[in-house]
Amino acid sequence: MNTKNLDPATFSKLLGVVSDVSLIIDGQGVIEDVSTAQDTMATLGCQAWMGKRWIDTVTVESKKKIQELLQVTDENAVLNWRHVNHPTPSGGEAAIQYITVALKGQKMLAVGRNLERLAELQRRLVETQQSVERDYLRLRHIEARYRVLFETSPEAVLMVDAHNYRLLEANIGAQALFKDAGKRLVGRDFRECFETESQGEVQSLLRTALATGRIELCSAFVAGSESALTVSATVFRQEGGAQFLVRLT
C-alpha cells in the first residue's frame with residue numbers, strides 16, 4: 001500500500017480501528033494526533049499526550065527505545081516492534097508495543113498494540129501452572145500416605161480392576177489371608193479367591209459398588225475357610241480406568 005498520498009490524520013484514524021493506539025508525530029518528535037480503538041486505552045490518558053514529545057510520555061527505561069523508533073525515515077524500512085511503558089494516571093504503567101513508519105511532510109505514524117491483555121494471559125497461565133503443581137504435590141502426598149497405609153494395614157486390602165476383576169495389588173495381610181505369594185495372587189480373578197457359593201455374592205457386590213460409587217458390603221467365604229468374612233468394596237477412577245479398593249475383615 002502506498003501511504004505517501006494519504007493524509008496523516010486520516011491514516012491515523014484508519015489504523016486506530018485495527019490497532020490499539022496510533023500516533024501522528026511531527027519532525028520534532030511531538031505527538032500531533034492520537035487515535036485509540038479500545039476503551040481501556042482511553043483510561044490510560046492517551047489523549048493527553050497530544051502536544052507533548054513522544055519521549056516524554058514514557059518511563060525512563062523506555063526513552064532509548066523511543067529514540068530508536070524515531071529514527072525511521074524510509075517508508076520501505078524494515079519494521080521492528082519495540083516494547084515501551086507509559087506511566088498511567090493511576091500511578092501504574094501500561095505496556096505497549098510500537099512500530100513506526102514514515103509519512104509525507106516529515107511526519108511519522110506510530111502504531112501500538114496493548115500488551116496488557118497478553119500480560120494478563122501470561123499471569124493466568126502462571127497461576128494455572130502453579131495450581132496444577134500444588135494439586136500434583138497434594139496428590140503425591142495422598143498417594144504416599146495411601147501406600148504406607150496399604151502396606152502396613154493388618155487387614156487384608158486389595159486393588160481390583162473394575163473391568164475384568166483381576167487382582168492388581170495385594171498387601172501383606174491379603175497374602176497371609178489367601179495363603180499365597182504376592183506374585184501368584186496378583187493377576188488372578190478376584191472372584192476365584194472365594195468359595196463357589198460366595199462368588200456370585202462378591203460379583204454382585206462389585207457391580208453395585210461400581211454403579212453407586214458408594215462403599216458396599218457383603219458376607220463371603222474365602223476359599224478354604226470355614227468362617228465368613230465381611231467384604232467391603234468402593235470404586236475410584238483414574239486415567240487408566242476404574243479400580244476397586246477391597247477390604248476383608
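The values are calculated or read from the model by the stated rules, or taken from the named source; none is laboratory data. Predicted model only: the values in this text are computed from it and were never measured. Backbone-built Cβ (ideal geometry, glycine too); neighbour counts: all protein chains shown. The area values use the complete protein model at the heavy-atom level, side chains included, leaving out ligands, DNA and RNA. Shrake-Rupley method; radii C 1.70, N 1.55, O 1.52, S 1.80 Å.
Return only the number of the condition from (1) surrounded by 12 or more Cβ atoms within 10 Å (Cβ to Cβ); (2) part of a strand (DSSP E or B) that Phe236 does not satisfy.
Checking Phe236 against (1) surrounded by 12 or more Cβ atoms within 10 Å (Cβ to Cβ); (2) part of a strand (DSSP E or B), the one that fails is (1).
Would you be able to say whether some residue in the stretch 202-217 is on the phi < 0 side of the Ramachandran plot and in contact (Cβ under 8 Å) with a residue 60 or more places away in the chain?
no
Which residue pairs have Cβ atoms under 7 Å apart, sit 6 or more places apart or on different chains, and have a first residue in the stretch 111-139 that is within 25 Å of Leu69 (Cβ to Cβ) and a second that is in a loop (DSSP other than H, G, I, E, B)?
That search, which allows pairs on different chains as well, returns Val111/Ser19; Gly112/Ser19; Gly112/Asp20; Arg113/Ser19; Arg113/Asp20; Asn114/Asp20; Asn114/Gln38.
Let's see how each residue does on (1) under 16 Å from Leu167 (Cβ atoms); (2) open to solvent by 40 Å² or more (accessible area, probe 1.4 Å); (3) in a helix (DSSP H, G or I):
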residue	(1), (2), (3)
Glu197	no, yes, yes
Arg207	no, yes, yes
Leu210	no, yes, yes
Phe221	no, yes, no
Gly224	no, yes, no
Thr230	no, yes, no
Ala242	yes, no, no
Arg247	yes, yes, no
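Here is a list of conditions, (1) touching a residue at least 24 places away in the same chain (Cβ under 8 Å); (2) buried (at least 16 other Cβ atoms within 10 Å of the Cβ), and Arg82 meets all of them except one; can you say which number that is?
In the conditions (1) touching a residue at least 24 places away in the same chain (Cβ under 8 Å); (2) buried (at least 16 other Cβ atoms within 10 Å of the Cβ), Arg82 misses (1) alone.
This table checks each residue for (1) part of a helix (DSSP H, G or I); (2) among the β-branched types (Val, Ile, Thr); (3) at pLDDT 90 or above.
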{"position": "Ser22", "(1), (2), (3)": "no, no, no"}
{"position": "Val34", "(1), (2), (3)": "no, yes, no"}
{"position": "Met41", "(1), (2), (3)": "yes, no, no"}
{"position": "Leu44", "(1), (2), (3)": "no, no, no"}
{"position": "Gln47", "(1), (2), (3)": "yes, no, no"}
{"position": "Ser62", "(1), (2), (3)": "yes, no, yes"}
{"position": "Val78", "(1), (2), (3)": "no, yes, no"}
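Return only the number of the condition from (1) open to solvent by 70 Å² or more (accessible area, probe 1.4 Å); (2) touching a Leu at 6+ places or on another chain (Cβ under 9 Å) that Arg191 does not satisfy.
For Arg191, the exception is condition (1).
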